[in-house]
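Visitor: Below is a structure I'd like to ask you about.
The values are calculated or read from the model by the stated rules, or taken from the named source; none is laboratory data. Owing to the predicted nature of the structure, the values given are computational and were not obtained by experimental measurement. Neighbour counts are summed over all protein chains in view; Cβ atoms, including those assigned to glycine, are modelled from backbone coordinates with ideal geometry.
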Amino acid sequence: MPRNYIKLLKLLLIILNQGVDIQIEDRHALGFNTYMTRNHAEILGFWNRADNCLWDVQLLGYDRQLPVNKTYYTDQLLGYIEMPNKNHKILLKLKGVRAWSRSKFIRDALRYIREYKKINKMQGKLILF
């Protein structure tokens, strides 16, 4: 199956206008860094040329780990974390999933940026809508 590579702006418009399916990853089981946050996901069907992987999602602001390997639909775009290498992190929210806080979302985003920089020596920039 061919990979559908897509640029950031086009992907953001798709999220807002059509919504996307995302799947929450079990980062621990995969051996990936969590950067001290929960609820990492990928946008199904849309690939990022920066890392040759599906587009990364952060579901920040939740007070618990959401079920891993579960697929959700969302059109709730909060912003993104801009990375110098174009491996941007899309910030989404799920409809109908309670226990979300805007202040926790901001704290989580700033923690993610700080921890990502410590490990990868790359400074992200928080872009909110």
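Visitor: Mind checking which pairs have a first residue in the range 12-29 that is on the phi > 0 side of the Ramachandran plot and a second that is acidic (Asp, Glu) and modelled with pLDDT of 95 or more, Cβ under 9 Å, 6 or more apart or different chains?
Guide: Matching pairs, first to second residue: Gly19/Asp75.
Visitor: Can you pull out the residues in the range 93-109 that are surrounded by 13 or more Cβ atoms within 10 Å (Cβ to Cβ) and either aliphatic (A, V, I, L, M) or over 16 Å from Gly19 (Cβ atoms) (or both)?
Guide: Of the range 93-109, the ones surrounded by 13 or more Cβ atoms within 10 Å (Cβ to Cβ) are 93-94, 97, 100-101, 104-109.
Passing the criteria: Leu94, Val97, Trp100, Ser101, Lys104, Phe105, Ile106, Arg107, Asp108, Ala109.
Visitor: Among what's in the range 1-29 and is closer than 21 Å to Asn87 by Cβ and polar (S, T, N, Q), pick the residue that is surrounded by the fewest Cβ atoms within 10 Å (Cβ to Cβ).
Guide: If we take residues in the range 1-29 being closer than 21 Å to Asn87 by Cβ and polar (S, T, N, Q), then Asn4 is surrounded by the fewest Cβ atoms within 10 Å (Cβ to Cβ).
Visitor: What strands (runs of 3 or more DSSP E) lie completely within the range 1-100 and have 3 or more residues being modelled with pLDDT of 95 or more and closer than 20 Å to Gln123 by Cα?
Guide: 53-58, 76-82, 89-93
Visitor: Quick check on the range 62-87: of everything there that is in contact with an Asp or Glu (Cβ under 6 Å, 6 or more places away or on another chain) and touching a residue at least 40 places away in the same chain (Cβ under 8 Å), which residue is nearest to His40 (Cα to Cα)?
Guide: Restricting to residues being in contact with an Asp or Glu (Cβ under 6 Å, 6 or more places away or on another chain) and touching a residue at least 40 places away in the same chain (Cβ under 8 Å), the top hit is Val68.
Visitor: Taking the options Ile90, Ile119, Ile113, name whichever one is surrounded by 12 or more Cβ atoms within 10 Å (Cβ to Cβ), in contact (Cβ under 8 Å) with a residue 60 or more places away in the chain and within 22 Å of Leu30 (Cβ to Cβ). Spell out how you get there, then give the answer.
Guide: On the way: Ile119 fails: surrounded by 12 or more Cβ atoms within 10 Å (Cβ to Cβ); Ile113 fails: in contact (Cβ under 8 Å) with a residue 60 or more places away in the chain.
The match here is Ile90.
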